[in-house]
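Please treat every number below as a calculation from the coordinates, not as lab data. If you're wondering where the values come from, they're calculated on a predicted model, not measured in any experiment. Cβ atoms come from the backbone with ideal geometry, glycine included; neighbour counts cover every protein chain shown.
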Amino acid sequence: MSKPFLRSKTALPVAAAGVAALVLACAAPDTSYRGAVDRIRDAGLAGERAFTFLERITSVGPRLTGSPQAAAAVDLTRDLMEELGLERVHTEPVEVERWVRGDVAEAEVMAAGARSAVPLEVCALGGSVGTPVRGLTAPVVEVRSLEDVSSLGAAVKGKIVFFNRPMDRRNPDPFAAYGGAADQRVSGASTAARHGAVAVLVRSLTFRRDRYPHTGMLRYEPGVLRIPAAAVSTAGADRLSEILIEERDVEISLRMDCRSDGRVLSANVAGELTGSELGREIVLVGGHLDSWDLGVGAHDDAAGCAAAIEAVALLRDLGLRPRRTVRAVLFMDEEFGGTGGRAYAASPERKGERHIVAAESDRGGFAPVGLAVGGSRGQALERVSRYASLFRPLGVAFIVPGGGGVDVGPLVERGAVPASVLLNAQTYFDVHHSALDVVDRVHPRELEIQAVILAALAYILAQEGI
Ligand SMILES: [Zn+2]
């Protein structure tokens, strides 16, 4: 995930849990799908197949948008869907920007009279321009918000602006805490540049205090000078903040060789179980195939892709062909702005199709705790809530309004009902966009149960419609 504060999924309506509880209490329990859900559960939980998909997807390495590894992941997942017997397996073109991280990302702090410089763990933010080859050195000013920069105005001219507002630990919803701090990363560079700053350092977006920098997308405003932007580890940010209190004339040297590399053609990947009666009505399950490049994007979002493929494969293996189509879509370029999601919705291939539900999995591979179902009139939520007793043994303790994400946003704008499996994601931001997002951090059984729920949800909605 990349653009948190713009995403509906980040603002989980906590208060809405009460509403959903009411819906649950009022709805008559419906067990007509018990046989199908039991079979999906038995087949899924007997193995760990979704995890083997995740291993295959991550075997190509990090899948930065436009990279050779992302292209390899397109071929690999298309082949995988074909092997599994999915139908109408195909790719759809997406033109994407390519950005290259380069080999160098270094920063160190030097104070007047200090004997040695203090190194900071940094990484370039996605999309950042590099520094001059020899780096740049400038005094540093610490701020907590974009507004602080505007208040300081000309005082940041010629300086490196250090954004150091942590994620709010008091917020029990980690996605909301992330969304509350991410404006510094996304908009910090242009805000600082407008007042003459020469670079920005942004505190990494994680609750943990450690030495891993966390990357993520930034957005340069048109017409504003593009200045280098780096994330600094939380431990490094705390150290820098102490130095700024204790020392005087503190300067930072920053050197990065990241750069943009033009546009390339990439692709979304899709495969389905075509509906027996209403094949042009579609329940979509999806994740994003691209990832950041410091780890291998195991949680973000090979897990979501693996769960989507497994959901459709389970239905196919069990002969559970629903009336409407269930389609797995692996979107390209979620992290750099969602061009894959937009290209999918606008593709000529959508002619004559109607997406009734768009379920996006982009919250990691953790154990499920709930379901979020959107839609303006609430009937989708009501329908799913009727089957709460089937989902409860799988860990679904609540069903709330919400769901969706960047990739399915354009489909939701066109009338699809968004949905998501909600997960116990308290540790997600430990690894998110960092070198820690590796295969070992995903538990095969937690991922499999997510896929089982997704399969059951998609089956019921593809049978019933909205
Ligand atoms: Zn993601």
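Quick notes on this one:
- For region 377-421, with +1 on Lys and Arg beta carbons and -1 on Asp and Glu, the positive-most of 418, 406, 384 along the dipole: 384
- FRET efficiency, residue 52 to residue 87 (Cβ-Cβ, R0 30 Å, nearest 0.05): 0.90
- Rounded FRET efficiency, nearest 0.05, which uses the C-beta distance separating residue 154 from residue 443 and R0 of 56 Å: 0.60
- Nitroxide proxy distance, nm - points 7 Å out along Cα→Cβ at residue 376 and residue 211: 5.4
- The calculated P(r) of the chain, using every Cα pair and 10 Å bins from 0, goes 5, 22, 30, 23, 13, 6, 2, 0 in percent.
- Net dipole in debye of the chain [+1 Lys, Arg Cβ; -1 Asp, Glu Cβ; about Cα centre; nearest 20]: 880
- 12 Å beta-carbon shell around residue 95, net charge (K/R +1, D/E -1): 0
- Residue 170 paired with residue 112, simple spin-label distance in nm, labels 7 Å along Cα-to-beta-carbon: 3.8
- Summed over qualifying helices (DSSP H, 4 residues or more, each -39500 (n - 2.57)) and divided by its residue number, the chain shows a 222 nm mean residue ellipticity of -9500 deg cm²/dmol.
- Counted charge near residue 35, where neighbours are those whose Cβ lies closer than 12 Å (Asp, Glu -1; Lys, Arg +1): +1
- Distance (nanometres) between label positions extended 7 Å along Cα→Cβ at residue 263 and residue 318: 4.4
- The gain in end-to-end length when the residue 397 to residue 134 segment is fully stretched comes to 89.2 nm, 0.36 nm per residue minus the alpha carbon separation.
- Cα gyration tensor category, rounded, prolate or oblate, for region 286-360 with a/c compared to 1.5: oblate
- Count Lys and Arg as plus one, Asp and Glu as minus one, and take only other residues whose Cβ is under 11 Å from that of residue 410; the net charge is then +1.
- Taking a ≥ b ≥ c as the square roots of the eigenvalues of the Cα gyration tensor, an a/c ratio below 1.5 marks region 102-257 as rounded.
- Relative to the current alpha-carbon distance between residue 277 and residue 95, full extension at 0.36 nm per residue lengthens the span by 62.1 nm.
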